[in-house]
Amino acid sequence: MLERLRQVAFMVRDLEEGHELYRSALGMESCFSEDLSQHGLKNMVLPAGNGTFVELLQPTSADTSGGRFLERRGEAPYLLIFESNKYDQLITHLRSLDVRITGETEEGGQRSAFIHPSAANGAFLEIIQSPQTGNPWPAAGPNWQRIDHQPKTRQLRQVAILVKDLDEAIRKWGEMFGLKATSRFEASFTKLEIAVLPLAGGDTFIELAQPMGEDAPSSRFLEKYGEGIYLIIYEIDDSLAVDAELKELGIRYTSSRQTENYVNLGFNSIWLHPSAMKGAFTQLSQVLVSDNPWPPAGDSWYK
């Protein structure tokens, strides 16, 4: 019932500064900005490729929800925005499960509902049904389809949510959204046990990840912040070229070519440290095989 992960929103202290970072690191340019004063925010939307987007949010004052989030959490991923083609069915289903829906909106034929983080392992979610018009994603403004500029990313592919109990999280996301794990494995490099759940559209994914051991960096994250959005994953075309560009920019990152226990997986990855990306732990992955469009999701999910 979730078609695609369309957009990820990040809370930042300064929109222009955040825009410059995403422009230099990932080649993303703003296609739309608006006043969201009714929510105590202003924003910029940046295409990430293939109809997926990054949204930067800046609170208008310290006494707004966004301002309090910044005070409590700092700059960080804030909201996952999904597209659904079965909005009525999904919202009715979620209400039958007593899932906490904090609000619904309808404007210009577009409907949306917000799911409280307590219902989704600490991840704040928005579910949108877009109007059947010439613009498939009005949240990115009226002109994004006509922009020639291409970012360094092919698209937003996957978002990892850190959880305390992987089995329970898989059950919960399956019950709420009908998602099934097509791949489950232990990533020794990151000390995580991971399950990957494809969305209905077949090109974006949710990753649920549980730390393995108290000495894992993710365990310290979980202890400090609790469950929630942990890692944003984009697909890229040329990891060697991006690696060289990041090195030239002096951005703090690690490459899978420099790590042990990360071989023969069908893709190369680069991890940008959260301190380099305004609190957003970021992975850039190049697929190296021709017979599987996204190897992390397993060997047969696409067949």
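The values are calculated or read from the model by the stated rules, or taken from the named source; none is laboratory data. If you're wondering where the values come from, they're calculated on a predicted model, not measured in any experiment. Using ideal geometry, Cβ is built from the backbone for each residue, glycine included, and neighbour counts are taken over all protein chains shown. For the accessible areas, the whole protein counts, side chains as well, though only heavy atoms, and no ligand, DNA or RNA atoms are used. Shrake-Rupley method; radii C 1.70, N 1.55, O 1.52, S 1.80 Å.
Restricting attention to segment 24-65, which residues are more than 18 Å from the chain's Cα centre (by Cα) and assigned to a helix (DSSP H, G or I)?
Once the filter is applied, which keeps residues that are more than 18 Å from the chain's Cα centre (by Cα) and assigned to a helix (DSSP H, G or I), segment 24-65 yields S24, S37, Q38, H39, S65.
Kindly indicate the residue of segment 201-217 that is at pLDDT below 95 and among the small types (G, A, S) and also most open to solvent (accessible area, probe 1.4 Å) among those meeting that condition.
That would be G213.
Which residue pairs have Cβ atoms under 6 Å apart, sit 6 or more places apart or on different chains, and have a first residue in segment 266-284 that is touching a residue at least 24 places away in the same chain (Cβ under 8 Å) and of a type outside the set (A, V, I, L, M) and a second that is part of a loop (DSSP other than H, G, I, E, B) and open to solvent by less than 30 Å² (accessible area, probe 1.4 Å)?
K278/V12; G279/G74
Could you pull out the residue among E235, E227 that is modelled with pLDDT of 95 or more and over 25 Å from P295 (Cβ atoms)?
Numbers: E235 fails: over 25 Å from P295 (Cβ atoms).
Matching residue, one of E235, E227: E227.
Output the residues belonging to segment 66-103 that are part of a helix (DSSP H, G or I), of a type in the set (G, A, S) and surrounded by 15 or more Cβ atoms within 10 Å (Cβ to Cβ). Walk me through it before giving the result.
Step one: of segment 66-103, the residues part of a helix (DSSP H, G or I) are 66-73, 87-96.
Filter again for of a type in the set (G, A, S), leaving 66-67, 96.
Correct list: G66, G67.
What are the residues in segment 1-23 that are touching a helix residue (DSSP H, G or I) at 6+ places or on another chain (Cβ under 6 Å), open to solvent by less than 10 Å² (accessible area, probe 1.4 Å) and either at pLDDT below 95 or not in a strand (DSSP E or B) (or both), if any? Spell out how you get there, then give the answer.
First pass over segment 1-23, keeping only residues touching a helix residue (DSSP H, G or I) at 6+ places or on another chain (Cβ under 6 Å): 1-2, 11-12.
Checking which are open to solvent by less than 10 Å² (accessible area, probe 1.4 Å) leaves us with 2, 11-12.
Within segment 1-23, L2, V12 meet the criteria.
Of everything in segment 22-71, what is on the phi > 0 side of the Ramachandran plot and of a type in the set (D, E, K, R)? Give them in sequence order.
none
Report, by residue number, each residue of segment 110-152 that is part of a loop (DSSP other than H, G, I, E, B), open to solvent by 40 Å² or more (accessible area, probe 1.4 Å) and over 25 Å from R73 (Cα atoms).
Those that are part of a loop (DSSP other than H, G, I, E, B), open to solvent by 40 Å² or more (accessible area, probe 1.4 Å) and over 25 Å from R73 (Cα atoms): Q132, T133, G134, P136, P142, N143, I147, D148, H149, Q150, K152.
Only one of Q145, Q158, Q129 is touching a helix residue (DSSP H, G or I) at 6+ places or on another chain (Cβ under 6 Å) and closer than 16 Å to G51 by Cβ; which?
Working: Q145 fails: touching a helix residue (DSSP H, G or I) at 6+ places or on another chain (Cβ under 6 Å); Q158 fails: touching a helix residue (DSSP H, G or I) at 6+ places or on another chain (Cβ under 6 Å).
Step by step, each of Q145, Q158, Q129 is checked, and only Q129 is touching a helix residue (DSSP H, G or I) at 6+ places or on another chain (Cβ under 6 Å) and closer than 16 Å to G51 by Cβ.
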